[in-house]
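This report refers to the structure that appears directly beneath it.
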Amino acid sequence: MNFKLLAIGVMAFCISCGKEKTTEPTNAPVQEAQPTTTKAVDTTGLFVPVTTTRQEFLKTKKEYVEAIDTTHTISKINGEITLPIKGNRPPVVFKDSLQPKYDENIEQYHYKGRIDNPAFYLVQGDFWEWNDYYMINQYTGKKDTLWSDPVFSPDKNLIVNLSPAYGLEGDPNGIQIWKVANNNGNATLSKIKVIDQQEWIPLEVYWVDNRTLIFRAVTVANFNKVNGEPQEKDVYYFKMRVL
């Protein structure tokens, strides 16, 4: 018997047995679009993105309770929005500019509602190529400027807001996180976190609980690939927990 040939045959058999089968089933489900990496550009380690599902996002969105009372109105008179401040303090006034609609120096303001506790007004400012969002303390008149509408955590101790629409050179891309220090309605805001990166674009965000955010997002690569008009197949979903 040729023992050398026998040994070679046994070795070949063992090697073939150790290989894993990698053929995918033809009816595999379509995967949601994913970023090239699941970790956001965040050097502090405060937030760890975890991929989630569209179903969980839609459930959270449906159950989220909006903190801003948009039914409360303050009329603009002669181009001015006048916000009364408690304790006989002077009002805070936002005044539209008299520039033509498409002038570079245009300023237009819109009252968006109020939050009762903590006590804030919300005003949007429209300018030539950007928008600002102002939260005004109803007790002191102090103004804080946000990138977009505030989204309150259920206990109203934290706020998240998204960056402006993606695409304008120099604009941030990501989120701001604010802490609300509430003293019987008289609250102060402090910015505790900014994520500004070029990997993913946040499209929507809600709070799952008092410390967890859930996002609908699109990668910058996919956004550019579809010329800034992402469809459902182009987006993905993830959560971030505040540790």
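Every read-out reported here was derived from the displayed coordinates using simple, explicitly stated rules and does not represent laboratory data. This structure is a prediction, so every number in the text was calculated from the model and none was measured. Cβ atoms come from the backbone with ideal geometry, glycine included; neighbour counts cover every protein chain shown.
Could you pull out the pairs from LYS143/LYS179; LYS112/LYS142; LYS86/LYS179; LYS62/LYS179; LYS156/LYS179 whose alpha carbons sit more than 19 Å apart here? Intermediate results must be reported in sequence, preceding the final value.
Details: LYS143/LYS179 15 Å; LYS112/LYS142 17 Å; LYS86/LYS179 23 Å; LYS62/LYS179 24 Å; LYS156/LYS179 9 Å.
Violating the 19 Å Cα-Cα cut-off are LYS86/LYS179; LYS62/LYS179.
For segment 68-149, the antiparallel share of DSSP beta bridges with both residues in that region comes to about 100%. For segment 194-220 and segment 131-160, write down the distance between their C-alpha centroids in whole Å. So the separation of the two Cα centres works out to 18 Å. Over all distinct Cα-Cα pairs of segment 68-149, the Kirkwood formula returns a hydrodynamic radius of 13.2 Å. When you filter the trypsin sites (Lys or Arg not before Pro) in segment 92-134 for DSSP loop state and at most 11 other Cβ atoms inside 10 Å of their Cβ, you are left with LYS101.
The aspartates and glutamates within cross-link reach of LYS95, meaning a Cα-to-Cα straight distance under 12 Å and a gap of 8 or more places when in the same chain, are GLU80, GLU107, ASP126.
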